[in-house]
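The values are calculated or read from the model by the stated rules, or taken from the named source; none is laboratory data. Bear in mind that the values here come from a model prediction, so they are computed numbers and not experimental data. Virtual Cβ from ideal backbone geometry, glycine too; neighbours counted across all protein chains shown. Remember, those area values only see protein heavy atoms, side chains included, never the ligands or the DNA or RNA. Shrake-Rupley method; radii C 1.70, N 1.55, O 1.52, S 1.80 Å.
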Amino acid sequence: LAKTTQPISMDSYEGQEVNITCSHNNIATNDYITWYQQFPSQGPRFIIQGYKTKVTNEVASLFIPADRKSSTLSLPRVSLSDTAVYYCLLYNFNKFYFGSGTKLNVKP
Amino acid sequence: NAGVTQTPKFRILKIGQSMTLQCAQDMNHNYMYWYRQDPGMGLKLIYYSVGAGITDKGEVPNGYNVSRSTTEDFPLRLELAAPSQTSVYFCASSTGTGIQETQYFGPGTRLLVL
């Protein structure tokens, strides 16, 4: 399964929009792009998943360019409770591979 | 629904001891997974199962064994505990019905091997 690359950490302030970009140059045709959120001492929680273009749900948006070699998770108006680690991974059939994730720190 | 449950929450083992980490799901999911997460790192897949009686290795299977006799349960066995197995272990499940899958994770088991 292709690997993903994300920034190790990001800082933001409450009320700002946060964009976390993930690089996946070797993405395969059948791979879906998935993002998870993990709080300390908890298991990861699904945020959003997409294949191409733009996907939006009640908590986030996912932007995927035509070549699918990268993706951007967008969190609108973050709050302190959004402080967590965010993982970008590629899903193919029955395997998920998690990278090291991006630690988002939201400041007041 | 309780979702994915794991027991125990925390365990201390001595080197060479064995134990079984329990995982159960009540969502009738076909797929189940075991991950380990070392401090400050991402999750690594140990084993997974696509249905009762079917298991396969993930990225880091050495030192572990699994079985899947029912849809609900997916225990992880450590035969000879080593300090390198000190980690947090997460069990997860997904429907396995399509190409778009969402994994649901349990609360984790913290294991310390001394």
Those residues that are within 13 Å of chain B (Cβ to nearest Cβ) and either open to solvent by 40 Å² or more (accessible area, probe 1.4 Å) or in a loop (DSSP other than H, G, I, E, B) (or both), I need them from region A:77-108; list them, please. A:Asn92, A:Phe93, A:Asn94, A:Lys95, A:Tyr97, A:Phe98, A:Gly99, A:Ser100, A:Gly101, A:Lys103
For B:Val4, the lone unmet condition from (1) surrounded by 13 or more Cβ atoms within 10 Å (Cβ to Cβ); (2) at pLDDT 95 or above; (3) more than 18 Å from A:Gln42 (Cβ to Cβ) is (3)
Give me the residue from region B:50-106 that is open to solvent by 70 Å² or more (accessible area, probe 1.4 Å) and under 21 Å from A:Ile47 (Cβ atoms) and, out of that set, nearest to the chain's Cα centre (by Cα). B:Tyr104
Can you tell which of B:Leu13, B:Leu21 is in contact with a Leu (Cβ under 6 Å, 6 or more places away or on another chain), of a type outside the set (S, T, N, Q) and surrounded by 12 or more Cβ atoms within 10 Å (Cβ to Cβ)? B:Leu21
Six or more apart or on different chains, Cβ atoms under 7 Å: show the pairs whose first residue is in region A:39-51 and among the aromatic types (Phe, Trp, Tyr) and whose second is open to solvent by less than 90 Å² (accessible area, probe 1.4 Å). A:Phe39/A:Ala84; A:Phe46/A:Tyr36; A:Phe46/B:Thr102; A:Phe46/B:Gln103; A:Tyr51/A:Tyr32
Odd one out for B:Gly40, checked against (1) in contact with a strand residue (DSSP E or B) (Cβ under 7 Å, 6 or more places away or on another chain); (2) farther than 20 Å from B:Pro8 by Cα: (1)
Determine whether region A:67-75 contains at least one residue that is without any contact (Cβ under 8 Å) to a residue 12 or more places away in the chain and either within 18 Å of A:Thr102 (Cα to Cα) or open to solvent by 60 Å² or more (accessible area, probe 1.4 Å) (or both). yes
Checked region A:30-44 for anything more than 7 Å from chain B (Cβ to nearest Cβ) and within 15 Å of the chain's Cα centre (by Cα); matches are A:Asp31, A:Ile33, A:Thr34, A:Trp35, A:Tyr36, A:Gln37, A:Gln38, A:Phe39
Among strands (runs of 3 or more DSSP E) completely within region A:1-76, the ones holding 3 or more residues that are within 27 Å of B:Gly40 (Cβ to Cβ) and in contact with a strand residue (DSSP E or B) (Cβ under 7 Å, 6 or more places away or on another chain) are A:9-13, A:18-23, A:32-38, A:45-50, A:70-75
On the basis of being more than 11 Å from every other protein chain (Cβ to nearest Cβ) and open to solvent by 10 Å² or more (accessible area, probe 1.4 Å), does A:Ile27 make the cut? yes
Cβ contacts < 6 Å: first residue farther than 12 Å from B:Cys91 by Cα, restricted to region B:61-75; second residue surrounded by fewer than 16 Cβ atoms within 10 Å (Cβ to Cβ), any location; separation 6+ or different chain. Result? B:Asn65/B:Arg77
